[in-house]
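**Student:** Submitted below is the structure of interest, expressed as structure tokens.
What follows draws every value from the coordinates through simple rules; no lab data is involved. Worth saying up front: this structure is predicted, and the values here are computed from it rather than measured. Ideal geometry is used to build each Cβ from the backbone, glycine not excepted, and the neighbour counts take in all protein chains shown.
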Amino acid sequence: MCSAFHGLARPTAGSFCDDARPTKDYMMPMQSYLPALLMIGMLATLVVLVVGIVSFAVNGKFYRKNSNNLMRLRVIMQGIALAIFGAIVWLATN
């Protein structure tokens with residue numbers, strides 16, 4: 001709050017007060033997009049994990065060819081989901 005107004009009125013964007021802070025209107029879209037992206041990342045991780053486990057159980061040509069790539073993709077998906085979760089926590093605390 002601007003000390004020149006002594007709490008009586010909020011300064012406008014073009015006012016002379018330096019300590020007027022903008023509102024966090026950009027947070028509202030983030031509150032809906034980031035949890036949706038987190039769910040998509042978690043679901044993608046689950047799909048890659050299930051494909052890897054099923055191919056391991058069958059132990060066929062697909063498993064021998066793609067097992068390492070599937071586990072690498074799983075780790076990448078987990079990293080993306082964790083980064084999105086970290087962004088949600090960081091934005092919630094700031």
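**Student:** Which residues, counting only those in segment 52-94, are within 21 Å of Gln31 (Cα to Cα), out of contact with any helix residue (DSSP H, G or I) (no Cβ under 8 Å at 6 or more places or on another chain) and in a helix (DSSP H, G or I)?
**Tutor:** Residues satisfying the conditions are Gly79, Leu82, Ala83, Gly86, Val89, Trp90, Ala92, Thr93.
**Student:** Hey, Leu70 hits all of (1) surrounded by 15 or more Cβ atoms within 10 Å (Cβ to Cβ); (2) of a type outside the set (Lys, Arg); (3) under 30 Å from Ser32 (Cβ atoms) but one; which does it fall short on?
**Tutor:** Result: Leu70 fails condition (3) only.
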